[in-house]
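Structure record follows, encoded as structure tokens.
The values are calculated or read from the model by the stated rules, or taken from the named source; none is laboratory data. Computed from a predicted structure; not experimentally measured. Methodologically, a virtual Cβ is constructed for each residue, glycine included, from the backbone with ideal geometry; neighbour enumeration extends over all protein chains shown. Areas reflect the complete protein model, heavy atoms only, side chains present, ligands, DNA and RNA absent. Shrake-Rupley method; radii C 1.70, N 1.55, O 1.52, S 1.80 Å.
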Amino acid sequence: MVAVGILAGTVGLLVYLTRTDPDLTPPAAVTMIVFVVAVWLWVFTRIDDTYVALGAAAALTVVGVIDAEALFATLGDDVVWLLLSAFVIASGVASSGLATRGAAFLVTGAHSPRALVHLVTAALIVTAFAVPSTSGRAALVLPVFVALATVLADRPRLVRALALLFPTVILLSAVASLLGAGAHLITSQILVTATGTGFDFATWMILGLPLAIVSSHAAAELVLLLFTSTDDRRGRLTVTAADIGAQADTSVCGPLSVAESRAALLLVVVMVLWCTEPVHGIHPAVVALLGALVATSPRYGSVRLAPALKTVPWPLLLFMAATLSIGTALTTSGAADWLASTAFGPLTSRGEGAGPLFVVVVVVISAAAHLVIQSRSARSAVLVPVVVALAPSAGVDPLAAAFVSTAAAGFCHTLPSSAKPVTLFADVPGTSTYSTSDLLRLAARLGPLLAALVLLFAWFVWPLLGLSLFV
């Protein structure tokens, strides 16, 4: 009842402000009401996130804030095609067995718990460029964890540490790639709508990969120190490729198979073409589509098109399309500008101190938002339009503010329900992993650590890489 009261009170306030605040135009007010209802449904109900987003987009179309063409055009948006094609490529890579072999190759070089933890971390960072989904990456590497847990069954504390390590690094390292999470593509597209400029694959990688490496290895060390003893860390390990292969569907020993070699070559070519877009001028979505066609080709590919399309998370693509419509409505109707000036006006009126304070507030809110909105993409759809609208008045570059917010939103480790990878590794049949108290213990230290790292990068590292924080 309290939640319903909050919703009714907020909607009533917006209706009242429509009559008293000249800056809140009718289109902006309607957009705000639909937006508030959508956020309320995401937070307080179990209704599917995609269903809510589609309903909100349809409502905005019915009331005339956006037209039908704009709504349905989002389904053909280049970011949707980019993600769709990337999932097909990832299906081909997974079918070839290349990813499992690569993980096995790395972890078998570990001769101590610390080396194992950091080698696993390195392997997980690499997967951010192969699989365009944190949940997809979690499913891909789960057999590797099960194999390690079986081999290390006599070291339960180390197994628990690895169970925490896998989802932690998967979530933190997603920032390395534009395709690491759907939220990244949503952020870029909102920026294009609001400012005319977004992020390309190479720019995002240049900015995100250093943060992914530093934050992931720092988190790995934190997990190791929190959940293993000194004796655990000193013990010697022996993990063989056969141990990993016993849990895999494909061989991880011997030379690369034809399918694995082709998958590796395809990945390299696609990534090179993405990174060199300014040179050849081929759109990233077209590159991804060509890569998907090669991955599913009758003679060269390791998977057929129909089975590959079945692995595509269609609800995620529909969710992205719908949230792009909502983000467009927030920007074009003036709702985002009104919300930013109303909610954060006092913050931007603090003179020279407004910019730094604004950045700190963005990082804290973005990192904590997973406690309210579980979907990473939904958090970007909610936060980024407001952040982008407010940034100029605070003297902050909108691109930098959006990237800072999206990077900080990578922290979502507090509860098993906070992110799908955390949920997946919390309950592995036949293997004892971690409890809610373990997650809370980790989150209490990891949250401030990631926030500090994002602020450090925003102030001192990203400006050196071409993304100035202040204008």
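Matching residues to (1) within 23 Å of THR134 (Cβ to Cβ); (2) within 17 Å of the chain's Cα centre (by Cα):
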| residue | (1), (2) |
| --- | --- |
| ALA402 | yes, yes |
| SER405 | yes, yes |
| ALA409 | yes, yes |
| ALA426 | yes, no |
| THR431 | yes, no |
| ASP438 | yes, no |
| PHE460 | no, no |
| PRO463 | no, no |
| PHE470 | no, no |
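Return the pairs, sorted by first residue and then second, in which the second residue is open to solvent by 50 Å² or more (accessible area, probe 1.4 Å) and not in a helix (DSSP H, G or I), the first residue lies in region 145-167 and is touching a residue at least 60 places away in the same chain (Cβ under 8 Å) and more than 13 Å from LEU439 (Cβ to Cβ), the beta carbons are less than 6 Å apart, and the residues are 6+ apart or on different chains.
The qualifying pairs are VAL146/GLN247; ALA147/GLN247.
Which residues, counting only those in region 265-299, are in contact with a helix residue (DSSP H, G or I) (Cβ under 8 Å, 6 or more places away or on another chain) and not in a helix (DSSP H, G or I)?
THR276, ILE282, HIS283, THR296
Is at least one residue of region 254-266 open to solvent by less than 60 Å² (accessible area, probe 1.4 Å), modelled with pLDDT of 85 or more and not aromatic (Phe, Trp, Tyr)? Let's see the steps before the verdict.
To start, the set of residues in region 254-266 that are open to solvent by less than 60 Å² (accessible area, probe 1.4 Å) comprises 254, 257, 259-261, 263-264, 266.
Those still in the list that are modelled with pLDDT of 85 or more too: 266.
From what's left, not aromatic (Phe, Trp, Tyr): 266.
The answer is yes, given that some residue of region 254-266 is open to solvent by less than 60 Å² (accessible area, probe 1.4 Å), modelled with pLDDT of 85 or more and not aromatic (Phe, Trp, Tyr).
May I ask you to verify whether LEU383 is more than 30 Å from ARG155 (Cβ to Cβ), free of Cβ contacts under 8 Å to residues at least 40 places away in the same chain and within 17 Å of the chain's Cα centre (by Cα)? I'd like the intermediate steps shown before the answer.
On the way: more than 30 Å from ARG155 (Cβ to Cβ): yes; free of Cβ contacts under 8 Å to residues at least 40 places away in the same chain: yes; within 17 Å of the chain's Cα centre (by Cα): yes.
The answer is yes for LEU383.
Restricted to region 32-62, and to residues that are in contact (Cβ under 8 Å) with a residue 24 or more places away in the chain and charged (D, E, K, R), which residue is farthest from VAL15 (Cα to Cα)?
ASP48
For region 117-131: of the residues being open to solvent by 30 Å² or more (accessible area, probe 1.4 Å) and assigned to a helix (DSSP H, G or I), which is farthest from ARG262 (Cα to Cα)? Show your work before the answer.
Of all residues in region 117-131, those open to solvent by 30 Å² or more (accessible area, probe 1.4 Å) come to 118-119, 122, 126, 129.
Now drop any that are not assigned to a helix (DSSP H, G or I), which leaves 118-119, 122, 126.
Working: HIS118: 28, LEU119: 25, ALA122: 23, VAL126: 18 Å.
Among residues in region 117-131 that are open to solvent by 30 Å² or more (accessible area, probe 1.4 Å) and assigned to a helix (DSSP H, G or I), the one farthest from ARG262 (Cα to Cα) is HIS118.
Within region 388-406, work out how many residues are open to solvent by 10 Å² or more (accessible area, probe 1.4 Å) and under 19 Å from GLY180 (Cβ atoms).
Residues flagged as open to solvent by 10 Å² or more (accessible area, probe 1.4 Å) and under 19 Å from GLY180 (Cβ atoms) within region 388-406 amount to 1.
Taking the conditions exactly as written (among the charged types (D, E, K, R), open to solvent by 20 Å² or more (accessible area, probe 1.4 Å), farther than 30 Å from ALA259 by Cα and not in a helix (DSSP H, G or I)), does ARG114 satisfy them or not? Can you show your working first?
Working: among the charged types (D, E, K, R): yes; open to solvent by 20 Å² or more (accessible area, probe 1.4 Å): yes; farther than 30 Å from ALA259 by Cα: yes; not in a helix (DSSP H, G or I): no.
So ARG114 does not fit the description; no.
When residues of region 132-144 are filtered for being open to solvent by 40 Å² or more (accessible area, probe 1.4 Å) and closer than 19 Å to PHE411 by Cα, how many remain?
The qualifying residues number 1.
Enumerate the helices (runs of 4 or more DSSP H) found wholly within region 25-84, keeping only those where 3 or more residues are modelled with pLDDT of 85 or more and touching a strand residue (DSSP E or B) at 6+ places or on another chain (Cβ under 9 Å).
On the way: elements: 26-44, 49-62, 68-73.
No helices (runs of 4 or more DSSP H) qualify here.
Select from region 40-93 the residues that are under 20 Å from LEU185 (Cα atoms) and acidic (Asp, Glu) and write down the one among them that is surrounded by the most Cβ atoms within 10 Å (Cβ to Cβ).
Taking the candidates together, the pick is ASP49.
When region 414-465 is examined, which residues are found to be of a type in the set (Phe, Trp, Tyr), buried (at least 20 other Cβ atoms within 10 Å of the Cβ) and more than 20 Å from LEU158 (Cβ to Cβ)? So that I can check it myself, show each step before the final result.
Of all residues in region 414-465, those of a type in the set (Phe, Trp, Tyr) come to 425, 434, 457, 459-460, 462.
Still in the list and also buried (at least 20 other Cβ atoms within 10 Å of the Cβ): 425, 434, 457, 462.
Once the filter is applied, which keeps residues that are of a type in the set (Phe, Trp, Tyr), buried (at least 20 other Cβ atoms within 10 Å of the Cβ) and more than 20 Å from LEU158 (Cβ to Cβ), region 414-465 yields PHE457, TRP462.
Just to be sure before I move on: is ASP427 of a type in the set (Asp, Glu) and either out of contact with any helix residue (DSSP H, G or I) (no Cβ under 9 Å at 6 or more places or on another chain) or without any contact (Cβ under 8 Å) to a residue 40 or more places away in the chain (or both) in the structure I sent? Don't jump to the end; show me each part of the working.
Numbers: of a type in the set (Asp, Glu): yes; either out of contact with any helix residue (DSSP H, G or I) (no Cβ under 9 Å at 6 or more places or on another chain) or without any contact (Cβ under 8 Å) to a residue 40 or more places away in the chain (or both): yes.
Yes, satisfied.
Within region 292-302, take every residue that is farther than 12 Å from PHE87 by Cα and open to solvent by less than 60 Å² (accessible area, probe 1.4 Å) and give me the one that is farthest from the chain's Cα centre (by Cα).
The extreme case among them is SER297.
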